Amino acid sequence: MLRSLLADQPTDPFLNHALALEEIKVGKDESARELFEQLLECNLDYVGSYYHLGKLHERLGDESKAIAVYEKGMEVAKKLSDNHALSELRGAYDNLI
């Protein structure tokens, strides 16, 4: 269903984020990573995707990429004054360093 909605709205950040989460659920981590990265290239302020992309990098064993994603996400969260997202990203970041 998400793919059919994306056919009409291919750049919709919510739909791309939701599809990436679904890809993770079915074990398609590489596809999810690509979706998150493409989403964030076009929508730098879609702060929730930084957390999930960072967690995905952690699961794939690339802690340095996860840290970089969390750092960027924290910058965005601060800029947006999104304290909830900042707290989640900071917690994930602190668990790695």
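Descriptive notes on the structure:
- Solvent-accessible ranking of Met1, Met74, largest area first, probe 1.4 Å: Met1, Met74
- Sequence-ordered 3J(HN,Hα) estimates for region 66-76 from the Karplus curve with 6.51, -1.76 and 1.60 and θ = phi - 60° stand at 4, 4, 4, 5, 4, 4, 5, x, 5, 4, 5 Hz, glycine and proline given as x.
- Filtered trypsin sites (Lys or Arg not before Pro), region 1-72: DSSP coil and at most 15 other beta carbons within 10 Å: Lys28
- For region 47-53, 3J(HN,Hα) per residue [Karplus equation, 6.51 cos²θ - 1.76 cosθ + 1.60, θ = phi - 60°, Hz, x = Gly/Pro]: 4, x, 6, 5, 4, 5, 5
- Taking a straight line from the alpha carbon of Lys25, these lysines sit under 19 Å away, with near neighbours fewer than eight places off in the same chain left out: Lys55.
- Euclidean distance of C-alpha centroids, region 1-52 and region 61-93, integer Å: 18 Å
- Accessible area of region 1-94 belonging to carbon and sulfur atoms, whole % at 1.4 Å probe: 52 percent
- Estimated purely from DSSP H runs of n ≥ 4, each contributing -39500 (n - 2.57), the mean residue ellipticity at 222 nm for the chain is -25500 deg cm²/dmol once divided by its residues.
The values are calculated or read from the model by the stated rules, or taken from the named source; none is laboratory data. Just so it is clear, the model here is predicted, and its values are computed rather than measured. Here the Cβ is made from the backbone with ideal geometry for all residues, glycine too, and neighbour counts use every protein chain on show. The protein model used for the area step is the full one, side chains on, heavy atoms only, and it has no ligands, DNA or RNA in it. Shrake-Rupley method; radii C 1.70, N 1.55, O 1.52, S 1.80 Å.
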